[in-house]
Amino acid sequence: MPAPALPGLAPAPDAPRIAVLIPCYNEEVAIGRVVASFRAALPGASVFVYDNNSQDRTREMARAAGALVRTETLQGKGHVVRRMFADIEADIYVLVDGDDTYEAAAAPRMVAKLVEERLDMVTGTRLSEIEAAYRPGHRLGNRLLTGMVRAIFGNRITDMLSGYRVFSRRFVKSFPALAAGFETETEFTVHALELMLPVGEVPTAYKERPAGSASKLRTIQDGWRILQAILGLVKREKPLPFFSWIGAGLLLLGLGLGLPVVWTFLETGLVPRLPTAVLAMGLVLLSFLAFACGLILDTVTRGRMEAKRTAYLAIPGPDFAVAAPAEARRAG
């Protein structure tokens, strides 16, 4: 199949192949509109819908709208993303949710930004004044979780949990997708920031779900899972600071319990609170053990990061040369 041209651009023999990836679970109300809008916004792209055990007519509606429909039986968005990234061959990947809340018209701007600036990930940052579309609880949670990641991994992102992304082939084929659910967006962001990959953002409108469509996101449960994912990533990617903070806490606690015992011993020559002395000594020893674990794991993490960087560089970079349309440059 010939490579499709970038929307709004003159056809070129080396035009990039664009794949629109839509993970879905019970989205019969919205999926047809999503497929149609992205086919209109990116007419040269192939649109793939991956159904995740839907119990309604999601597959039929997606197929009727012109999408290539496939399935993933392991439940959870992270499993679907992992399958899509493994299966689909393209030069540029557009990932979007199937709930018709993201602006398809922004896709050409996002693709143009990725191509013009030779980026690896462009995030569609959500802008919405509709409270039902972007609930205060979700907005606050996103700010808190995004703030944590910005403080720990780098201040280059503003909407970590957006489900609207454009990726280069290099990113997709070197991304170690490990998440099972909605925490996959956190993995995207941390992977890009840790490897210092070139990333960008494009503001996009965010709207309310269509009538009859229900959100799968559970504010408390999924927020907790995302927080756990962040802590797990900090432990895995920043072990020295992580274990240093644990070691410092244990050391302070040990000193707080042990110093009064030491003063009593210096004054009287006796250790009347032997259990406290033993506990304090154990905490201090554990603190030094935590520091040692951090140092060892930091060396291991350095090796893992070098391996991930090598895997990233093993994927050929984009060699297409296109000029973004004037309207995309102005809007982007």
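Can you find a residue that is in contact with a Phe, Trp or Tyr (Cβ under 7 Å, 6 or more places away or on another chain), assigned to a loop (DSSP other than H, G, I, E, B) and modelled with pLDDT of 90 or more anywhere in segment 69-90?
Yes, segment 69-90 has at least one match.
What pairs can you find where one residue is in segment 20-44 and on the phi < 0 side of the Ramachandran plot, the other is among the hydroxyl-bearing types (S, T, Y) and assigned to a helix (DSSP H, G or I), and their Cβ atoms are less than 8 Å apart, with a gap of 6+ or different chains?
C24/T58; Y25/T58; E27/T58; E28/T58; I31/T58
Assess whether R63 counts as being closer than 22 Å to E187 by Cα and in a helix (DSSP H, G or I). Spell out the reasoning first.
Values: closer than 22 Å to E187 by Cα: no; in a helix (DSSP H, G or I): yes.
It is false that R63 is closer than 22 Å to E187 by Cα and in a helix (DSSP H, G or I).
Looking at V49, is it in a strand (DSSP E or B), of a type outside the set (S, T, Y) and either touching a helix residue (DSSP H, G or I) at 6+ places or on another chain (Cβ under 9 Å) or open to solvent by less than 60 Å² (accessible area, probe 1.4 Å) (or both)?
On the way: in a strand (DSSP E or B): yes; of a type outside the set (S, T, Y): yes; either touching a helix residue (DSSP H, G or I) at 6+ places or on another chain (Cβ under 9 Å) or open to solvent by less than 60 Å² (accessible area, probe 1.4 Å) (or both): yes.
It is true that V49 is in a strand (DSSP E or B), of a type outside the set (S, T, Y) and either touching a helix residue (DSSP H, G or I) at 6+ places or on another chain (Cβ under 9 Å) or open to solvent by less than 60 Å² (accessible area, probe 1.4 Å) (or both).
Scan segment 39-57 for residues that are within 22 Å of the chain's Cα centre (by Cα) and within 18 Å of A15 (Cα to Cα) and jot them down.
Answer for segment 39-57, where residues must be within 22 Å of the chain's Cα centre (by Cα) and within 18 Å of A15 (Cα to Cα): just V47.
Rundown of residues vs (1) hydroxyl-bearing (S, T, Y); (2) more than 22 Å from L197 (Cα to Cα); (3) open to solvent by 40 Å² or more (accessible area, probe 1.4 Å); (4) at pLDDT 90 or above, yes/no style:
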residue: V271; (1), (2), (3), (4): no, yes, yes, no
residue: S287; (1), (2), (3), (4): yes, yes, no, yes
residue: A307; (1), (2), (3), (4): no, no, yes, yes
residue: D319; (1), (2), (3), (4): no, no, yes, no
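Those residues that are open to solvent by 80 Å² or more (accessible area, probe 1.4 Å) and either more than 19 Å from M160 (Cβ to Cβ) or modelled with pLDDT of 95 or more (or both), I need them from segment 223-254; list them, please.
W245, L252, L253
Cβ-Cβ under 9 Å, sequence separation 6+ or interchain: first residue in segment 262-277 and polar (S, T, N, Q), partner outside any helix (DSSP H, G or I). Which pairs?
Listed by first residue and then by second, the contacts come to T264/L270; T264/V271; T264/P272; T264/R273.
The values are calculated or read from the model by the stated rules, or taken from the named source; none is laboratory data. What you are looking at is a predicted structure, and each value in this text was computed from that prediction instead of being measured. Cβ atoms come from the backbone with ideal geometry, glycine included; neighbour counts cover every protein chain shown. The area values use the complete protein model at the heavy-atom level, side chains included, leaving out ligands, DNA and RNA. Shrake-Rupley method; radii C 1.70, N 1.55, O 1.52, S 1.80 Å.
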